[in-house]
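Computed from the coordinates by the stated procedures, all read-outs in this text should not be read as laboratory data. Note that the coordinates shown come from a computational prediction; the quantities given were computed from them, not determined experimentally. A quick note on method: Cβ atoms are made from the backbone with ideal geometry, for glycine too, and the neighbour counts reach across all protein chains shown.
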Amino acid sequence: MRALLVSPLALLSSSLILASCSSETQGPGSLEVRYVLGPDRTCEELGIEELELTLEDTDHAVVVPCDDASERVLRLDELAPKRYVHRIRGLDAEGTATMDNGAESRSQRRVQVLGDGAIVEADRTSELTVTPVYLQVSIDFAASSCASSDMSHLEISAYDQTADILLDAAVPCDDNTEGFFAVEDELRALKGSLFSELTIQPISRSGEPMGTLLNPGQFEPVGPGRTVWLELLNCTSEGCPETQLDLPVAD
């Protein structure tokens, strides 16, 4: 009788197919994430009414009352077995996220959920810290564009009430960007309890200031998690003569 020869490649392919089928036929699992509010503060102290746990790029979410008597564990069920990145937000009475775990890296918030009813607890206890102010900017040109006005970028500086600087940011002038766009603040420097003034200087492609330094004036801190909208109006090659600052109502 003739021997049957099976190549290593065929065996490998079969193993991969079986592994894939096994993963697809697994039942759902659950995820639990422990959390603390800052340096172990209470819900009442920080004005947190609810806690929300979500998973990036999914519709999975759970919202529960903030209860100091609870075990401080959030749970999601019916999850397909795979890797997820979780996000926890603490919501105030208005539903604004005034605390979250966004200061932690994505790798620190990444978890592997197992299937078939297994309950996986995240390795790390997530620490929720105060969310920053979100600064949104738009540039409106009178009858030109970034290219035709020779504008390269905006230099934006944010200050607290003592004129101490919180953030320096260079915001590109991009004709492909319409409407408002976010000012990057990876270090979460725009503290809602401090941010109260900003200056804006348009810069040309040759690196020279365009027009005068803009300062919309001082304002009361708006609180964490709020959005400040800044519009630069009627911009030309001479700079931006008008600004409009829309502030949320502080708590």
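Karplus couplings for region 61-76 from phi (6.51 cos²θ - 1.76 cosθ + 1.60, θ = phi - 60°), rounded to Hz, Gly and Pro as x?
Result, ordered by residue: 7, 9, 10, 10, x, 7, 10, 5, 8, 7, 7, 6, 10, 10, 9, 10 Hz.
Using θ = phi - 60° and the Karplus form 6.51 cos²θ - 1.76 cosθ + 1.60, what ³J(HN,Hα) does each residue of region 99-110 get, whole Hz, x for Gly and Pro?
9, 7, 9, x, 6, 7, 6, 4, 5, 6, 9, 8
Which semi-axis lengths, in whole Å and largest first, follow from the square roots of five times the eigenvalues of the Cα gyration tensor of region 27-130?
So the three semi-axes of region 27-130 are 23, 13, 12 Å.
Show log10 I(q)/I(0) for region 147-229 at q = 0.12, 0.15 Å⁻¹, two decimals, from a solvent-free Debye sum over equal Cα scatterers.
-0.38, -0.59
Between Trp229 and Ser145, what is the label-to-label distance in nm when each label sits 7 Å out along the Cα-to-Cβ direction?
2.5 nm
Would you mind working out the magnitude of the charge dipole of the chain relative to its Cα centre, with +1 at each Lys and Arg C-beta and -1 at each Asp and Glu C-beta, to the nearest 20 Debye?
1380 debye
Taking neighbour Cβ counts within 10 Å as the exposure measure, how do Thr42, Thr129, Thr199 sort from fewest upward?
Starting with the residue having the fewest Cβ neighbours, the order is Thr42, Thr199, Thr129.
Arranged by the count of other C-beta atoms within 10 angstrom, fewest first, what order do Ile200, Ile139 take?
Fewest-to-most ranking of Ile200, Ile139: Ile200, Ile139.
Can you give the FRET efficiency to the nearest 0.05 for Glu71 and Leu187, using r as the Cβ-Cβ distance and R₀ = 41 Å?
Approximately 0.80, to the nearest 0.05.
Return the whole-Å distance between the Cα centroid of region 25-85 and the Cα centroid of region 97-133.
Region 25-85 and region 97-133 have Cα centres spaced 8 Å from each other.
Around Phe180, what is the net charge, scoring Lys/Arg as +1 and Asp/Glu as -1 over all other residues with Cβ under 12 Å from its Cβ?
Combined, the nearby Lys, Arg, Asp and Glu give -4.
Could you please tell me the mean projected area of the C-alpha convex hull for the chain, averaged over all directions and given in square nanometres to one decimal?
Orientation-averaged projected area of the Cα hull: 21.4 nm².
With axes computed from alpha carbons, what is the tilt in degrees of helix 8-25 against the longest principal axis of the chain, rounded to the nearest 10 within 0 to 90?
70 degrees
Determine, for Leu79, Leu233, Leu187, Leu46, the number of other Cβ atoms within 10 Å of each Cβ, and report the residues in order from fewest to most.
Leu187, Leu233, Leu46, Leu79
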